[in-house]
Amino acid sequence: MNSKYKVIKFSKNKFEKIDDLISIEEPLEISLRYKDQDNWLTNSLSITMRTPGHDDDLVRGFLYNEQIIQNINEIDNIESFGDKVGRYNIQNKIKVTLNNSKNINISKIKRDFMTNSSCGVCGKSSLDALEITKKEKTSNSDPKLSKEIIIQSPSILRNNQSEFSKTGGIHASGLFSADGKLISLREDVGRHNALDKMIGNALNKNEIEPKKQFITCSGRLNFELVQKVLMCNIGLMIGVGAPTSLAIDLANRFDMTLIGFVKEDSFNIYTNNQKVIVN
């Protein structure tokens, strides 16, 4: 989703007024509706800044990646509500009704998520907390990728982005099969939102097969993105940019292969090179 703005462009030693397409960024308030004993309760969970569109996929992926739900079938209903507001006349509130409320502790969930969003998940205590949530490591041998598939995946991702070519201001995440076929793609101004949307879409379509797939992201790879991919048990992740130190440490702990700085003729393997075919 984009909108036309008037801008002044400097090029070839002159200024000119032009129309430019800009990616839209709007807030989305996510609320949970769940049953507490015999009473239905609705609580606001979080607000995220996103590109409007595929909000249902965003919510599915977010709830799964944050382990608020363990299975996509725990969601009964997703509905947008509230007045259409702002310059773009859209609804910026969404409510998720859950059918399994056994493990819902809204105070703990809101407190934990505030920690994640305020500092991006900080330090060793966050790594330890993740290991409490996720016990098993990813496969240390599958999927296996050729160097050609690794180098091609960012280009395939970019060529299938509908918004990037128009605005140049949007991220993407893609789910690929080991032979390089693009299975699912989503875009958003936020890297983590793009990944949540893509994972939510793939979960909803029952498309995730961890030992046969990998994920490619358009930007750098940080702890939060690696964490989200690990929640799907996918053990190979590719980024156009560089990973952070904490992303590398986390990938190492769970036998994930982390590949970054992918260019037309080069890339860096930061962890677990057994999944890359070197011949």
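Output the relative contact order of the chain, whole-number percent, from Cα pairs under 8 angstrom with separation of 6+ residues.
18 percent
Taking every pair of alpha-carbon atoms in the chain, what share in percent sits in each 10 Å bin, from 0 to the bin with the longest distance?
6, 28, 33, 22, 9, 2, 0
Label-point separation (nm) for E209 and K35, each offset 7 Å from Cα along Cα-to-Cβ?
In this crude spin-label approximation the distance works out to 3.6 nm.
Under a crude label model (7 Å from the Cα following the beta-carbon direction), how far is N105 from I156 in nanometres?
With each label point 7 Å from Cα toward Cβ, the separation is 4.2 nm.
Go ahead and estimate [θ] at 222 nm for the chain from helices alone: -39,500 (n - 2.57) per DSSP H run with n ≥ 4, summed, over the residue count, rounded to 500.
Only helices count here, giving -9000 deg cm²/dmol.
To the nearest 0.05, how large is the calculated FRET efficiency for K12 and N89 if R₀ is 41 Å and r is the Cβ-Cβ distance?
0.60
Relative contact order, percent, of the stretch 1-109 when contacts are C-alpha pairs under 8 Å separated by at least 6 residues?
Computed over the stretch 1-109, the figure is 25 percent.
Can you bin every Cα-Cα distance in the stretch 145-277 into 10 Å intervals starting at zero and give me the percent of pairs per bin, rounded to whole numbers?
Taking every Cα pair in the stretch 145-277, the percentages come to 13, 50, 33, 3.
Compute, for the stretch 145-277, the length of the dipole vector about the Cα centre, with Cβ point charges of +1 (Lys, Arg) and -1 (Asp, Glu) only. Units Debye, rounded to 20.
80 debye
By counting other Cβ atoms within 10 Å of each Cβ, how are I47, I149 ranked from fewest to most?
Starting with the residue having the fewest Cβ neighbours, the order is I47, I149.
Where both residues lie in the chain, what percent of DSSP beta bridges are antiparallel, nearest 5?
The antiparallel proportion sits near 75 percent.
Separation of the stretch 233-271 and the stretch 176-195 by C-alpha centroid, Å?
Using only Cα atoms, the two centres lie 16 Å from each other.
Compute the FRET efficiency between T97 and V278 as 1/(1 + (r/R0)^6), taking r as their Cβ-Cβ distance and R0 = 41 Å, and round to the nearest 0.05. Provide the component values of the computation, followed by the final result.
Values: r = 49 Å, r/R0 = 1.20.
For R0 = 41 Å, the calculated efficiency reads 0.25.
Roughly what % antiparallel, to the nearest 5, for the DSSP beta bridges in the stretch 145-277?
In the stretch 145-277, DSSP labels about 60 percent of beta bridges as antiparallel.
Applying the Karplus parametrisation 6.51 cos²θ - 1.76 cosθ + 1.60 with θ = phi - 60° to the phi angles of the stretch 202-211, what ³J(HN,Hα) value in whole Hz is obtained for each residue in order, glycine and proline being reported as x?
Couplings: 5, 4, 5, 9, 6, 9, 7, 10, x, 7 Hz.
Could you sort 187-195, 267-275, 172-180 so that the peptide with the highest average Cβ count within 10 Å comes first and the rest follow in order?
187-195, 172-180, 267-275
In the stretch 1-116, what percentage of the DSSP-assigned beta bridges are antiparallel, given to the nearest 5?
Numbers: 28 of 33 bridges.
Restricted to the stretch 1-116, the bridges split so that about 85 percent are antiparallel.
No lab work stands behind these numbers, since they all come straight from the coordinates. Please read all numbers here as calculations on a predicted model, not as lab measurements. Glycine gets a Cβ as well: all are built from the backbone with ideal geometry, and neighbour counts include every protein chain shown.
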